[in-house]
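Encoded as structure tokens, the structure appears first; notes follow it.
Each value in this text was obtained by applying a stated rule to the coordinates, not by laboratory testing. Quick caveat, the model's predicted, so the values are computed rather than measured. In this analysis, Cβ positions are derived from the backbone assuming ideal geometry, glycine residues included, and neighbour counts consider all displayed protein chains.
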Amino acid sequence: MELEEAAPVQEVVSCRVCGGSDWQPVVSFGPVPLANNFLEAATSYADEPRFPLGVISCRACRLMSLTHVVDPDVLYRKYFYVTSDSRTITDHMRYVAGLCKEQFDLSEGAFVVEMGSNTGEQLAEFRDLGMRTLGVDPARDLAALAAERGVETLPDFFSAAIARRIKKEYGTAQLLLGRHVFAHIDDVADVAVGVRELLDPAGVFAVEVPYAVDMLERSEFDTIYHEHLSYFGVGTLAELFDRHGLRVIDVQRLSVHGGSIIVFVGRDDGPWQVHPRVHELRKLEADVGFYEDGTYERLAESAETIRTSLAELVRKLVSDGKRVAGYGAPAKGNTMLCVSELGANEIEFVTDTTAQKHGRVLPGSHVPVRTPEYGKANPPDYYLLLAWNYADEIIEKERAFLEAGGRFIVPVPEVTVVSAEGPGRMP
Ligand code: TMP
Ligand code: ZN
């Protein structure tokens, strides 16, 4: 229990965006292990730390927040998550670099700072466009990987204090990036202050987050894990930035990670006009019930339906003598397995392309992680597609598995079985 003693967990009391405290309870999954805490194989996992996992929704600004926040030093200083080495993500990073450059006239030599820069892959795209780059990431091992790639990285959490230091040592930033990191930050107000401080008057902050509307509409409840403190819509982000001398100037919906948005933010004294897309998406949010309790009640219901039907299907397959394995070991897969109460008795192994995960077991379910080559040599009858956000890429890549009679179980937006003939309902 060493980790637990060193890891205070705090209950969320007031909203990190608006300060409100009128919370609608949404889901509660009980004590769950940390989704990226891949373990060494052991005979007993009795000491595995678990923390409460649940979501609430602020009735004032509709921030969806975790009920509890785990100390970020525990979550991120030794971090297993490395940006996926997938075609989808590589293409996406190139797209983001091009989009920012075109839309905001970034010239060669522009200074680009990324918070949560991980192994520096995104910044390398900007460097290849001739820009100066600096990463900020607390994961010490990953900063070393970024350095190998030639991307200078400060091994720290982005904050107002770090922003001041960067400004002093390097000057203001023409572009600040935060891709899939903002939802991991508790003190978003401090980060917004830092952004305002570090941005050039005509600079832009590009923040990419999973889109709460997509999560709600596609029942992506497995994206709930201890690292994802916040689930944002544009309206909630606009409320936050408005409070800190910033304003949302443009937004685009993206298909990555189950549906995301990239929100462009400028200083309130900056030159950028607010694009009509911002108003359109905020209107869409109101139209689809983002501000109504019923929408969140439906998320809880669909999570329950998926959890029970997935567990039922997998147990039935196993009792019929079928072999079931998992495809991908993403963090969200651990929520899916823990909440569905599926473990090593049902799921023989999971394959993953990430070397750091091989030879370990998944947190909570303790299913062993194998290489893709192991999966090829021991193909199961069914692969549960835990990395469903790469469904198109993976199903295309695994044609041979399907042609040989293999099937994929895709858990969201509803449990579906995919064979060589295409998707079907549950058998
Ligand atoms: P992510 O959704 O956070 O990027 O995590 C996806 C995980 O799935 C990551 O551990 C890599 C893994 N993965 C595979 O194992 N095979 C694949 O083909 C792809 C695209 C991802
Ligand atoms: Zn709020």
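Taking N as the number of residues in the range 293-364, what is its Cα Rg relative to 2.2 N^0.38 Å? Walk me through the intermediate numbers first.
On the way: Rg = 14.0 Å, N = 72, 2.2 N^0.38 = 11.2 Å.
Scaled against compact globular proteins, the figure is 1.25.
Percent relative contact order of the chain, based on C-alpha pairs within less than 8 angstrom and at least six residues apart?
Details: 849 pairs, mean separation 60.3, N = 427.
Computed value for the chain: 14 percent relative contact order.
Taking the square root of 5 times each eigenvalue of the Cα gyration tensor, what semi-axes in Å does the equivalent ellipsoid of the range 64-142 have, largest first?
Details: eigenvalues 144, 39, 37 Å².
One finds semi-axes of 27, 14, 14 Å for the range 64-142.
How large is the convex hull of the C-alpha atoms of the range 273-427 per residue, in Å³? It would help to have the intermediate numbers written out before the result.
Details: hull volume 24.6 nm³, N = 155.
Spelled out: Cα convex hull of the range 273-427, divided by residues, is 158 Å³.
From Cα pairs below 8 angstrom and at least 6 apart in sequence, can you work out the relative contact order of the range 1-160, rounded to a whole percent? Present the calculation step by step, with values, prior to reporting the outcome.
Numbers: 250 pairs, mean separation 28.1, N = 160.
Relative contact order here is 18 percent.
Tell me which aspartates and glutamates have Cα within less than 16 Å of K316's Cα, excluding those fewer than 8 residues away on the same chain?
Correct list for K316: E341, E346, E348, D381.
Give me the mean projected area, in nm² to one decimal, of the convex hull enclosing the Cα positions of the range 381-427.
Numbers: hull surface 11.7 nm².
Computed as one quarter of the Cα hull surface, the answer is 2.9 nm².
Please list the non-local residues whose amide H lies under 5 Å from the amide H of R360, H modeled 1.01 Å from N, same-chain partners needing a gap of 5 or more.
V369
To the nearest 20 Debye, how big is the dipole of the range 328-382 about its Cα centre, given +1 on the beta carbon of each Lys and Arg and -1 on that of each Asp and Glu?
Numbers: 5 positive and 6 negative charges, 51 e Å.
Around 240 debye, computed over the range 328-382.
Counting every Cα pair in the range 43-103, what percent are over 20 Å apart?
On the way: 1158 of 1830 pairs.
Summing the P(r) of the range 43-103 above 20 Å gives 63 percent of all pairs.
With the calculation restricted to Cα positions, what are the radius of gyration and Dmax of the chain in angstrom?
Using the Cα atoms of the chain, the pair Rg, Dmax is 21.4, 66 Å.
Where the centroid of each part is defined by its Cα atoms, how far is the range 50-74 from the range 112-141 in Å?
The distance from the Cα centre of the range 50-74 to that of the range 112-141 comes to 28 Å.
Relative to the longest principal Cα axis of the chain, at what angle does helix 331-340 sit, 0 to 90 degrees, rounded to 10?
Roughly 40 degrees between the two axes.
Positive end of the charge dipole of the chain (Lys, Arg +1 and Asp, Glu -1 on Cβ, about the Cα centre): tell me which of L384, G120, A160 has its Cα farthest that way.
It is G120.
Could you work out the mean projected area of the convex hull around the alpha carbons of the range 79-210, in square nanometres to one decimal?
The Cα convex hull of the range 79-210, projected and averaged over all directions, gives 7.4 nm².
Using C-alpha positions alone, give me the convex hull volume of the range 160-223 per residue in cubic angstrom. Can you show the working numbers first?
Values: hull volume 5.8 nm³, N = 64.
Spread over its residues, the Cα hull of the range 160-223 gives 90 Å³ apiece.
At 222 nm, what helix-only mean residue ellipticity would the chain give, in deg cm²/dmol to the nearest 500, using -39500 (n - 2.57) for each DSSP H run of four or more? Numbers along the way, then the final one.
Numbers: 15 runs with 148 residues, N = 427.
Helix-only estimate at 222 nm: -10000 deg cm²/dmol.
Which one, L342, G259, F104, projects farthest toward the positive side of the charge dipole computed for the chain from Cβ point charges (K/R +1, D/E -1)?
F104
Evaluate the Debye formula for the range 186-246 with equal point scatterers sitting on the alpha carbons, no solvent, and hand back log10 of I(q)/I(0) at q = 0.17, 0.21, 0.25, 0.28 Å⁻¹, in q order, two decimals.
So the normalised log intensities are -0.67, -0.91, -1.11, -1.25.
Using just the Cα positions, wrap the range 183-328 in a convex hull and report its mean projected area in square nanometres, one decimal place.
Numbers: hull surface 41.4 nm².
Taking a quarter of the hull surface, the average projection is 10.4 nm².
What does the range 348-398 give for Rg and for Dmax, in Å, if only its C-alpha atoms count?
Rg and Dmax of the range 348-398, Cα atoms, are 10.9, 30 Å.
Take every Cα-Cα pair in the range 15-168 and report what % of them are more than 20 Å apart. Please report the intermediate quantities before stating the final value.
On the way: 7582 of 11781 pairs.
The calculated P(r) of the range 15-168 puts 64 percent of pairs beyond 20 Å.
Find how much the distance from E373 to E169 grows on full extension, using 0.36 nm per residue of separation minus their present alpha carbon separation; answer in nm with one decimal.
Details: separation 204, 0.36 × 204 = 73.44 nm, distance 4.68 nm.
Extra length available between E373 and E169 comes to 68.8 nm.
How high is the relative contact order of the range 318-427? Use alpha-carbon pairs under 8 Å, at least six apart in sequence, and give a whole percent. Kindly include the intermediate steps, with their values, before the conclusion.
Working: 185 pairs, mean separation 26.1, N = 110.
Taking the mean separation of contacting Cα pairs over the length of the range 318-427, I get 24 percent.
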